[in-house]
Amino acid sequence: MQAATSTRPRRVLLGISGGIAAYKACELTRLLVKAGHSVQVVMTRAATQFVGPLTLQALSGREVALDSWHPLRASGMDHIDLVREADALVVAPASADLLARAACGIGDDLLGTLLLARDAVPTLLAPAMNRAMWAHPAVQRNAARLRDDGVRLAGPGSGEQACGEVGEGRMLEPEQLLLEIEALWQPRLLQGRRVLLTAGPTFEPWDAVRGLSNRSSGKMGWALARAAWEAGAEVVLVAGPGALAPPYGARTVRVETALQMRDAVRAELDLAAADVFIAAAAVADWRPRQAQAGKIKKQPGAAPSLPELVANPDILAEVAARAPSPYCVGFAAEADDLVANAQAKRLRKAVPLLVGNLGPQTFGSDHSSCVLVDESGVRELPRMDKLELARQLVREIAARLPARA
Ligand code: CTP
């Protein structure tokens, strides 16, 4: 699970309702604080039966709001002020009872009134309950009504439940909720779009244990997958080998070689058209013509000759040549003459947008920045970390997408 980074600090009003998953709200609070956000906790009376307010106070560094009769704010207007001060209202866990009260607009406790007073504050509820309760038509009705009211529901996930049953109703994990919360602050520029990405290196086997690869970590592709998901897209990531766990919110297809990556990309495009194709993978340009079976054994005093290499297909150029083709975005890591090389590569691969990485010798060794090259020219994006860069790129891509038919 990737850690959240670089989202600028925000104020989260975290409501906790009564359910066993309330213990996970402690970890969520810790993660939010660790990511630089400030957290004001509000607990229902039932929630305090599961975790003590003092625990949440210690983790958030703030007194927990428990009811309207002992307000934290001098105004005495906690039921309005707490949510007006927030950049997001999150309820995790959201019990069946909480969903029902929120759907009906019942303000019989502090959290209920805050949900009524939320106005335009982005709101996320993380349902958590027994699978039969979640499946109940009344709960489903309430969930649908809340979605209609502009509330986002995150999860529930499925799996083993505290009651011992297995099914849908588990609250999402705190790490997942952190990503869901940070997504609340990103514009949904790719809502309803399908984005296909490649990322990471490829590995081209020479024998059973050796092969050709490169040092790509896949981090840029992962950041792009997250940013596209945050923007509302359905994301499919075709990823080469690497240590990164599949990104939350995307469907990940693992491959090893360039040929497998090409086949997986083709299969995805045959399955359903994509609006955007982003080629962030560092595809090996060549592969051994023939991978040897077994392991090449060492001979005393002699080194084996290197295998004969053949060129791998250019996945990006192939996708760009499809009819119809998605909006194609390529990457280019150039050592020198970045703009000229990137522009030439863009034209050679016939893609509308190419992202070029500036070499360290150009802008300083500890900085990374990039240029966007398209038909209208060159645009430099200032130095920032990969997630922010990915969000910026998603904005640039969304602005260039042809309107939907
Ligand atoms: N790419 C691809 N398939 C390949 C090689 C590259 O899809 N077989 C994509 C990369 O994912 C990237 C872009 O093409 O988006 C440019 O990759 P790069 O390695 O910089 O370019 P090459 O075409 O390999 O050219 P060169 O290495 O000569 O600069």
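Key figures for this structure:
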| read-out | value |
| --- | --- |
| Matching residues, the range 275-286, being in contact with a helix residue (DSSP H, G or I) (Cβ under 7 Å, 6 or more places away or on another chain) and part of a loop (DSSP other than H, G, I, E, B) | Ala280, Ala281, Val283, Ala284 |
| Among (1) more than 15 Å from Ser17 (Cα to Cα); (2) without any contact (Cβ under 8 Å) to a residue 12 or more places away in the chain - the single one Ala138 does not satisfy | (2) |
| Residue match in the range 290-301 (condition: within 13 Å of the ligand (Cβ to nearest atom), in the same structural domain as Pro201 (by TED's automatic domain parsing), among the polar types (S, T, N, Q) and without any contact (Cβ under 8 Å) to a residue 24 or more places away in the chain) | no |
| Filter result (touching a Gly at 6+ places or on another chain (Cβ under 9 Å) and assigned to a helix (DSSP H, G or I)) within the range 111-138 | Leu111, Gly112, Thr113, Leu114, Leu115, Leu116, Arg131, Ala132, Met133, Trp134, Ala135 |
| Given (1) within 14 Å of the ligand (Cβ to nearest atom); (2) assigned to a helix (DSSP H, G or I), number of the condition Ser216 does not satisfy | (2) |
| Residue within the range 144-159 that is in contact (Cβ under 8 Å) with a residue 60 or more places away in the chain and out of contact with any strand residue (DSSP E or B) (no Cβ under 6 Å at 6 or more places or on another chain) present | no |
| Search result, residues across the range 98-126 that are surrounded by fewer than 18 Cβ atoms within 10 Å (Cβ to Cβ) and acidic (Asp, Glu) | Asp108, Asp119 |
| The range 332-352 residues that are at pLDDT 90 or above, paired with ones that are basic (Lys, Arg) and away from the ligand (no atom under 11 Å from the Cβ) (beta carbon under 7 Å, 6 or more apart) | Pro352/Arg400 |
| Condition met for Ser38 (at pLDDT below 95 and surrounded by fewer than 19 Cβ atoms within 10 Å (Cβ to Cβ)) | no |
| Residue match in the range 236-259 (condition: assigned to a helix (DSSP H, G or I), aromatic (Phe, Trp, Tyr), more than 11 Å from the ligand (Cβ to nearest atom) and surrounded by fewer than 24 Cβ atoms within 10 Å (Cβ to Cβ)) | no |
| Test for Asn312: is it surrounded by 14 or more Cβ atoms within 10 Å (Cβ to Cβ), without any contact (Cβ under 8 Å) to a residue 24 or more places away in the chain and within 12 Å of the ligand (Cβ to nearest atom) | no |
| Members of the range 315-331 found to be of a type outside the set (D, E, K, R), in contact (Cβ under 8 Å) with a residue 12 or more places away in the chain and more than 8 Å from the ligand (Cβ to nearest atom), listed by number | Ala320, Ala321, Pro324, Ser325, Pro326, Tyr327, Cys328 |
| So Leu98, is it at pLDDT 95 or above and outside the structural domain of Met384 (by TED's automatic domain parsing) | yes |
| From Arg215, Arg210, residue being of a type in the set (Lys, Arg), out of contact with any Lys or Arg (no Cβ under 9 Å at 6 or more places or on another chain) and either crowded, with 23+ Cβ neighbours inside 10 Å or under 23 Å from Arg287 (Cα atoms) (or both) | Arg215 |
| Which listed residue is modelled with pLDDT under 95, in a loop (DSSP other than H, G, I, E, B) and among the charged types (D, E, K, R), from Asp67, Asp81 | Asp67 |
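Table: residues versus (1) basic (Lys, Arg); (2) under 27 Å from Gly249 (Cα atoms).
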{"site": "Ser17", "(1), (2)": "no, yes"}
{"site": "Ile20", "(1), (2)": "no, yes"}
{"site": "Arg30", "(1), (2)": "yes, yes"}
{"site": "Val33", "(1), (2)": "no, yes"}
{"site": "Gly36", "(1), (2)": "no, yes"}
{"site": "Thr48", "(1), (2)": "no, no"}
{"site": "Thr55", "(1), (2)": "no, no"}
{"site": "Leu59", "(1), (2)": "no, no"}
{"site": "Ser68", "(1), (2)": "no, no"}
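The values are calculated or read from the model by the stated rules, or taken from the named source; none is laboratory data. These numbers were taken from a predicted model, which means no experiment stands behind them. All Cβ positions, glycine included, derive from the backbone under ideal geometry; neighbour counts span all protein chains shown.
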